[in-house]
1. Between 224, 79, 35, which gets the highest mean-square fluctuation from a Gaussian network model of the chain, Cα cutoff 10 Å?
2. Taking the Cα atoms only, what angle lies between the long axis of helix 146-155 and the longest principal axis of the chain, rounded to 10 degrees?
3. From the Cα gyration tensor of region 1-110, with a ≥ b ≥ c the square roots of its eigenvalues, which class applies: rounded if a/c is under 1.5, or else prolate if a/b is larger than b/c, or else oblate?
4. Using helices alone, what [θ] at 222 nm do you get for the chain, with -39,500 (n - 2.57) per DSSP H run of 4 or more residues, divided over all residues and rounded to the nearest 500?
5. Please check: in the Gaussian network model of the chain (C-alpha springs, under 10 Å), which one of 26, 276, 41 has the largest mean-square fluctuation.
6. How would you order 82-93, 10-21 from highest to lowest mean count of nearby Cβ atoms within 10 Å?
7. Could you give me the percent of Cα pairs per 10 Å distance bin for the chain, shortest bin first, beginning at zero and ending with the bin that holds the maximum distance?
8. Taking the Cα-to-Cβ direction at residue 11 and at residue 254 and moving 7 Å from each Cα, how far apart do the two end points lie in nm?
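Since every read-out is calculated from the coordinates, none of them should be taken as a lab result. Quantities reported herein were computed from a predicted structural model and do not represent experimental measurements. We place every Cβ from the backbone using ideal geometry, glycine too, and count neighbours over all the protein chains shown.
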Amino acid sequence: MSNRELDAWLASPQGRYVLDWEIRQIDETVPDIFGFNALQIGLPQCDLLRANRMALRIRIGSGDSVAIACSPAALPIAGQSVDLVVLPHVLEFADDPHQILREVERILIPEGQLIITGFNPLSLWGLKKQARRGSGFPWNGSYLSPTRLKDWLKLLGFEVDRGSFGCYAPPCEQQKWLQRWGFTESAGRRWWKFSGAVYMLRAVKRVHGIRLITAVSPSIFYMGFNMLDPLVGGDGTPEGAERARKLRQAISIALDMEEFVSIFLNGRGVPAMHPIPPGIFGAREGEVGINPVVFEWRNGEAMRRGKDVARRL
């Protein structure tokens, strides 16, 4: 499958029809998958990780729009270092799909997730493929049924926890005919779910006997102010020093570290109140251990002061 051939098909009514459904499905799935590293292997023309919030989201494959140019069967990625892998129409056009799945299993962390999209051989599109074997994309692939793919994944220790089918219209080449067959979408989802032209599977890498460590690790980073800067450090006058002190306090309140940990660290962190992190000998617990500038103690817990307090400063 050449990039030029794939680009031409993606720009066709058929390609847009299939891609629009897959993008909607993936956009609904990836926002709730958390971690640090996400990979999209194949189909670099489309950003299928756009709805995910991981810090590192890259595309791998061939072409000008990839971050890493390599073969999916030999990924230059460290083992157990990736939280999410998306495989859009890679396996059915690969010489060795088993090796690609083995590589994906190798790089995924325990409980890491894999999303696969593919063409369904048990569909009207699959029937057309049989009649047009080897006559161009997407009819020149080796379509894999979801049942067969589930068996392969099970052997590698994956558990499929979600699957969906879509694109029930016949493989018409003109937009007007795809639109006229639009009624088959609702009918297909209701009456013949497993006959959609394409499918999406989500699988989780299971590792038996794994035990997640939930203790606080003293991996620390600090953020501070440049006191030599006259805006936040003061201009040398008592009035300037007081204005700078209030500005520093307002910034500290507005900088919501709890939200930072939730979004960018996937909740894997605890905002510290002072230089000694929680859980380490010498850390102060309870009300005496809070930062009174940024937090106040209410109902037995530390509550961040609102932005209205920062504005008044």
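1. Between 224, 79, 35, it is 224 that shows the largest mean-square fluctuation.
2. So the inclination is approximately 50 degrees.
3. Cα axes put region 1-110 in the oblate bin.
4. Helix contribution divided over all residues of the chain: -9500 deg cm²/dmol.
5. 276
6. Highest-to-lowest ranking by the protection proxy: 82-93, 10-21.
7. 5, 21, 24, 17, 13, 12, 6, 1, 0
8. The modelled label-to-label distance comes out at 4.6 nm.
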